[in-house]
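The structure under discussion appears below in the form of structure tokens.
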Amino acid sequence: MTLAEARQRIEWAITQFGQHAAPAIDLVMAEVRSDMGAGAFNELVDDFDLELLYNIAPMESDHSNS
């Protein structure tokens with residue numbers, strides 16, 4: 001998955017499920033974390049304000065940075 005694909009999937013989940021999108025977003029974010037590391041994960045958290053809206057906190061750091 002690319003960062004652009006992740007953004008598109010998150011946008012779709014928010015459009016489809018609104019305030020109940022967290023489970024769908026969690027699935028996307030797990031794949032982002034696995035494929036692209038903490039930097040990409042945190043970028044998406046910030047871009048979509050996921051911490052405030054869906055209680056998805058940014059990651060501190062990891063060893064799989066790309």
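The values are calculated or read from the model by the stated rules, or taken from the named source; none is laboratory data. Here the structure is a predicted model, which means the values were calculated and not measured. Using ideal geometry, Cβ is built from the backbone for each residue, glycine included, and neighbour counts are taken over all protein chains shown. Heavy atoms of the whole protein, side chains included, go into the accessibility calculation; ligands, DNA and RNA do not. Shrake-Rupley method; radii C 1.70, N 1.55, O 1.52, S 1.80 Å.
Side notes on the structure shown:
- Subset of segment 1-29 (residues that are open to solvent by less than 40 Å² (accessible area, probe 1.4 Å) and assigned to a helix (DSSP H, G or I)): Ala6, Ile10, Ala13, Gly18, Ala22, Ala24, Ile25, Val28, Met29
- Segment 30-44: number of residues that are small (Gly, Ala, Ser) and open to solvent by less than 30 Å² (accessible area, probe 1.4 Å): 3
- Residue within segment 45-62 that is surrounded by 11 or more Cβ atoms within 10 Å (Cβ to Cβ), of a type in the set (A, V, I, L, M) and in contact with a Phe, Trp or Tyr (Cβ under 6 Å, 6 or more places away or on another chain) present: yes
- Listed by first and then second residue, the pairs with beta-carbon distance under 9 Å, at least 6 apart or on different chains, first residue in segment 46-59 and more than 10 Å from Ala22 (Cα to Cα) and among the aliphatic types (A, V, I, L, M), second open to solvent by less than 40 Å² (accessible area, probe 1.4 Å) and in a helix (DSSP H, G or I), are Ala57/Val45; Ala57/Leu50; Met59/Ala38; Met59/Phe41; Met59/Asn42; Met59/Val45.
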